[in-house]
Amino acid sequence: MAGGLSYTAEQSTSLSTAEIYGQALVELAEQHPEVVALTADLAKSTKIGDFQKKFPDRFFNVGIAEQNMFGVAAGMAKAGLVPFLSTFSQFASFRSADQLHTDLCYQNVNAKVIATHSGTSFGQAGSTHHAICDLALTRSIPNLTVICPADGYETYNAVMAAYNTPGPFYIRINRGFDRVLYKDADYGFELGKAVEVHEGTDLTIIACGSCVFQALQAAEFLDNADGLKVRVLDMHTIKPIDRDAILKAVTETRRIITVEDHTVIGGLGSAVAEVVVESGKGCAFKKLGIQDEFAPIGLHEDIMSTLGIDSNGIIAAVREVMKADFEEDNDWDDEF
Amino acid sequence: MPLSKQEWLNLEKKANELRNLCLDTTYWAGSGHIGGGMSVMDIMTVCYHKYMHIKVEEPNWEDRDRFILSKGHAGIAYAPVLCDLGFNDKEMLKTFNLSGSKMGMHFDSNKVVGVDASTGSLGHGLSIGVGTALAARLLKKDYKTFVVLGDGELDEGSNWEAAMSAAHYKLTNLITFVDRNHNMIDGPTEEVMALEPLADKWEAFGFIVKKIDGNNIKELCEAIDFAYANETDKPVLILCDTVKGCGIDFIEGDFRWHYGAFDDAKYESGKKALEETYKKRVERVEKEAE
């Protein structure tokens, strides 16, 4: 098992993703005295309570003041500390956007933002607490690495990678439990490299976050029910995006569907589309996500179902895209 | 450390040199934020030439005192300070604001040597200063953090978040200045968005407020000495009553000179005005020095 991760696969189903982040942070803090934690009155919600108990002098709750938290973290990083900032994704991106942009990214400081309750995972809290545009915002800021892990193990790997890579990071994780995708942390996580979690040559689903598990389920179902071989890529790193994996998918499968718990404008789907279009190679393409609207209120899984980003929605989209005649020829008239 | 007459004279001389360089830079650039540059110059002169521990040959020395110019648009005044100290080549002043220069209006701390924070977007500096001050405590360092805020920028709510945290964390290693020049881009502060009673506001946020004439070098030194000697657990805020455009009589106190251009004629008049100001200041030293 990589990186000294001390909990088991069984535990990973009993720990929420944020709790795994909390454990990873404690582990880092035990090894590295320069690691400090900041939050804006969300220590409990972002599961960094253990850190607070073990390292009270290195824990800073700045109150409900996200802008200040980002500035303080920038100052700390400038002085040699490695701050981890924990708050809800919506506030970590939009509420403190200028500080994220200027204090962290323009100054290119070594600070790590762990943005919890991302996408629609805080479903019942409504759109004030959904973060459906944060990838669009963060992805556009220079110097910022943006990661959307698929489960707890990947979150652990992302946090460790963030510590080991200088510069600002934005890691977007969910509230509560994520379906476990990996059996342990040792599956070859590499920053900026997609993980192929299901092989296939008929179509590629490129997903991130909680949508990866849904995509995997859809692929397995489609294999059994329709005999379709669907490739599933866990595109955990939104920026820098894995261009090679995308171009390989274009060439080898000619059909791509992206799935994200985020608006289809500016997030993973847009990032993939940019690579496809710039490649000059034709490809059937569909973006699943939130279609330029605010999401409904409800349980996360219900919202995902309503939005069509659960396995059923993905299966329907794959069947639709498979109807497109998109063979390897130069006749563009019969292609959509 | 009481200010000797010679030291006072030296600081006046330095402030005058830097004001002249600020005017030169504005002239070379064609225009600049000269109003707020001139108002803050005495604060910067005193910090850099009497109090701050820095190493020009080792700009990132980890024990250095930090200086955060939250009112980042005063880069036109900060540039002469940093170039005169030798952090950057003085020739760089002639490139200020020009295409391809490392020095734009608002400094990039990764490009301009000696700059501790990239500022320009207002209401950011005090938070960053709280961060460096907290880091000093955690890393057991003795350095101090000096933050200079503009008065107009105090409209930004983030300053008050930062103020609350500076007091909460009892940051006595943080010394905050407000360059109270009473003017902002669109007019006098009290007309655009009233700040008064400003001292009361800072006191209510947990600071000890020292209200001084911020264009009086002796008063500035006394206020910083007071902050150094502070044995309470409250941070000190030095509320500097200043004059926008200080030193150039025909732009003084006029909000329209927040940003302005100097042609040849104005430049010559400005140089003469600075000479007059310097004379008067030296006379004051002769009269008031102990």
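The values are calculated or read from the model by the stated rules, or taken from the named source; none is laboratory data. What you are looking at is a predicted structure, and each value in this text was computed from that prediction instead of being measured. Quick reminder, even Gly has a Cβ in these numbers, built from the backbone with ideal geometry, and neighbours come from all protein chains shown. Just so you know, the surface numbers come from the protein's heavy atoms only, side chains and all, with ligands and any DNA or RNA stripped out. Shrake-Rupley method; radii C 1.70, N 1.55, O 1.52, S 1.80 Å.
Taking every residue in A:57-69, how many Cβ atoms of other protein chains lie within 10 Å of its Cβ, on average?
Numbers: counts 2, 1, 0, 7, 2, 8, 4, 1, 8, 2, 9, 17, 4.
Per-residue shielding by partner chains comes out at 5.
Can you give me the solvent accessible area of B:E252 with a 1.4 Å probe, rounded to the nearest 10 Å²?
Result for B:E252: roughly 80 Å² accessible.
Kirkwood Rh, Cα Rg: Rg to Rh for the protein assembly as shown? Spell out each step's value before the answer.
Details: Rg = 28.2 Å, Rh = 26.5 Å.
Using Cα coordinates only, the ratio equals 1.07.
With no other cysteine's Cβ closer than 4.7 Å, which Cys residues of chain A count as lacking a disulfide-compatible partner?
A:C105, A:C133, A:C211, A:C283
Put a dot 7 Å past each Cα toward the Cβ at B:M193 and A:T165; how far apart are the dots in nm?
Using points 7 Å along Cα→Cβ, the separation is 3.7 nm.
Could you give the size of the charge dipole of region A:58-137 about its Cα centre, using +1 on the Cβ of each K and R and -1 on the Cβ of each D and E, expressed in debye and rounded to the nearest 20? Working shown, then result.
Working: 4 positive and 4 negative charges, 44 e Å.
Magnitude of the dipole: close to 200 debye.
Under the classification rounded if a/c is under 1.5, otherwise prolate if a/b is larger than b/c and oblate if not, where does region A:139-291 fall, given a ≥ b ≥ c as square roots of the Cα gyration tensor eigenvalues? Each step should come with its number before you reach the end.
Values: a/c = 1.69, a/b = 1.23, b/c = 1.38.
Taking the square roots of the gyration eigenvalues as a ≥ b ≥ c, region A:139-291 is oblate.
What is the Å³ per residue value for the convex hull set by the Cα atoms of region B:211-255?
Measuring per residue, one finds 64 Å³ for the Cα hull of region B:211-255.
Tell me, how many Å apart are the Cα centres for region A:122-179 and for region B:114-160?
The two parts, judged by their Cα centres, are 27 Å apart.
Can you give the Rg and Dmax of region B:166-290 based on its C-alpha atoms, in angstrom?
Cα only, region B:166-290: 17.3, 52 Å (Rg, Dmax).
For a quick size check, give me the Cα extents of region A:199-239 along its three principal axes, largest first, whole Å.
Over region A:199-239, Cα extents along the principal axes are 33, 18, 10 Å.
Considering the dipole of chain A built from charges on the beta carbon (Lys and Arg +1, Asp and Glu -1) around the Cα centre, which of A:A150, A:F70, A:T251 is farthest to its positive end?
Farthest along the dipole direction, towards plus: A:F70.
Rank B:R180, A:R95, B:R284 by accessible area, highest first, at a 1.4 Å probe radius?
Largest accessible area first, the list is A:R95, B:R284, B:R180.
Could you quote the convex hull projected area for region A:92-203, Cα atoms only and averaged over all directions, in nm²? Intermediate values should be presented prior to the final figure.
Working: hull surface 32.4 nm².
Convex hull of Cα atoms, orientation-averaged projection: 8.1 nm².
Percent of Cα-Cα pairs per 5 Å bin, from 0 to the last occupied bin, for region A:177-251, please list those.
3, 17, 26, 25, 19, 8, 2, 0
Compute the Cα gyration tensor for region B:22-144, then decide on rounded, prolate or oblate, letting a ≥ b ≥ c be the square roots of its eigenvalues: rounded whenever a/c is under 1.5, prolate when a/b is larger than b/c in the other cases, and oblate in all that remain. It would help to have the intermediate numbers written out before the result.
Numbers: a/c = 1.86, a/b = 1.64, b/c = 1.13.
Prolate.
Note the angle between two axes, namely the Cα long axis of helix B:217-229 and the longest principal axis of the Cα atoms of chain B, as a number of degrees from 0 to 90, rounded to the nearest 10.
For helix B:217-229, the angle is close to 20 degrees.
As a test of the definition: with a 1.4 Å probe, what buried accessible area, both sides summed, do you compute for A against B, in Å² to the nearest 100? Provide the component values of the computation, followed by the final result.
Numbers: alone 13490 and 12460 Å², together 23980 Å².
Buried: approximately 2000 Å² between B and A.
For region B:74-132, what is the convex hull volume of its Cα atoms per residue in Å³? Could you put the intermediate results ahead of the total?
Numbers: hull volume 4.7 nm³, N = 59.
Hull volume normalised by residue count: 80 Å³.
With springs only between Cα atoms under 10 Å apart, run a GNM on chain A and tell me which of A:T128, A:T46, A:T201 wobbles the most.
Highest fluctuation of the listed residues: A:T128.
Using the alpha-carbon atoms, what tilt in degrees (0 to 90, nearest 10) does helix B:34-46 show relative to the longest principal axis of chain B?
On a 0 to 90 degree scale, this one is about 60.
For peptide A:77-87, compute the average count of partner chain beta-carbon atoms within 10 Å of each residue's beta-carbon.
Numbers: counts 4, 11, 15, 6, 6, 0, 3, 0, 0, 0, 0.
Average neighbour count from other chains, rounded to a whole number: 4.
Quote the Stokes-Einstein diffusion coefficient, in whole µm² s⁻¹, for chain B, based on the Kirkwood radius over alpha carbon pairs, a temperature of 10 °C and a viscosity of 1.306 mPa s.
Values: Rh = 18.9 Å.
This corresponds to a translational diffusion coefficient of 84 µm²/s.
Tell me, what is the FRET efficiency for B:V56 and A:I64 to the nearest 0.05, using R0 = 45 angstrom and their Cβ-Cβ distance as r? Spell out each step's value before the answer.
Details: r = 41 Å, r/R0 = 0.92.
According to the calculation, E is roughly 0.60.
Tell me the accessible surface of B:W160 in square angstrom (1.4 angstrom probe, heavy atoms of protein chains only), to the nearest ten.
Counting only protein heavy atoms, the figure is 40 Å².
Pick from A:I303, A:I206, A:I132: which is most flexible by mean-square fluctuation in a GNM of chain A where alpha carbon atoms under 10 Å apart are linked?
A:I303
Just check region A:11-85 against the gyration tensor rule for me: Cα atoms, a ≥ b ≥ c as the square roots of the eigenvalues, rounded for a/c under 1.5, and otherwise prolate or oblate depending on whether a/b exceeds b/c.
On the way: a/c = 2.18, a/b = 1.39, b/c = 1.57.
It is oblate, given that a/c is not under 1.5 and a/b is not larger than b/c.
Measuring from label point to label point, each 7 Å out along Cα→Cβ, what is the A:F94 to B:E91 span in nm?
Placing both labels 7 Å along Cα→Cβ, they lie 5.0 nm apart.
Over chain A, with a Gaussian network built from C-alpha contacts below 10 Å, which listed residue (A:G227, A:G22, A:G308) shows the highest mean-square fluctuation?
A:G227
How are the C-alpha pair distances of region B:82-223 spread across 10 Å bins, as whole percents from the shortest bin up?
In whole percents, the pair-distance histogram is 10, 33, 37, 18, 2.
What number do you get for region B:236-278 when its Cα radius of gyration is normalised by 2.2 N^0.38 Å, N = residues?
Details: Rg = 12.3 Å, N = 43, 2.2 N^0.38 = 9.2 Å.
With N residues counted in region B:236-278, Rg over 2.2 N^0.38 Å equals 1.33.
Given Cα pairs under 8 Å that are at least 6 residues apart, what percent is the relative contact order of chain A?
On the way: 745 pairs, mean separation 52.9, N = 336.
Relative contact order for chain A comes out at 16 percent.
What is region B:25-101's relative contact order, in percent, from Cα pairs under 8 angstrom and six or more apart in sequence?
Details: 66 pairs, mean separation 32.5, N = 77.
With pairs under 8 Å counted, the relative contact order is 42 percent.
Provide the gained length on full extension for the span B:Q6 to B:A289, in nm with one decimal, where the gain is 0.36 nm per separating residue minus the Cα-Cα distance.
Details: separation 283, 0.36 × 283 = 101.88 nm, distance 0.90 nm.
Length difference between fully extended and current span is 101.0 nm.
How many Å² of accessible area per residue for chain A, probe 1.4 Å? List each step's numbers first, then the result.
Working: 12530 Å² over 336 residues.
Heavy-atom SASA per residue in chain A reads 37 Å².
Counting Lys and Arg as +1 and Asp and Glu as -1, each charge on the Cβ, what is the dipole of chain A about the Cα centre in debye, to the nearest 20?
For this selection, approximately 1240 debye.
Please compute the contact order of chain B in relative form: average sequence separation of alpha-carbon pairs under 8 Å and at least six residues apart, divided by the residue count, as a percent. Kindly include the intermediate steps, with their values, before the conclusion.
Values: 570 pairs, mean separation 69.7, N = 290.
Relative contact order comes out at 24 percent.
Report, in degrees rounded to the nearest 10, the 0 to 90 angle that the Cα long axis of helix A:152-164 makes with the longest principal axis of chain A.
Tilt relative to chain A: about 60 degrees.
What number, in nm² with one decimal, is the all-direction average of the projected area of the convex hull of the alpha-carbon atoms of chain A?
Working: hull surface 63.7 nm².
Mean projected area of the Cα convex hull: 15.9 nm².
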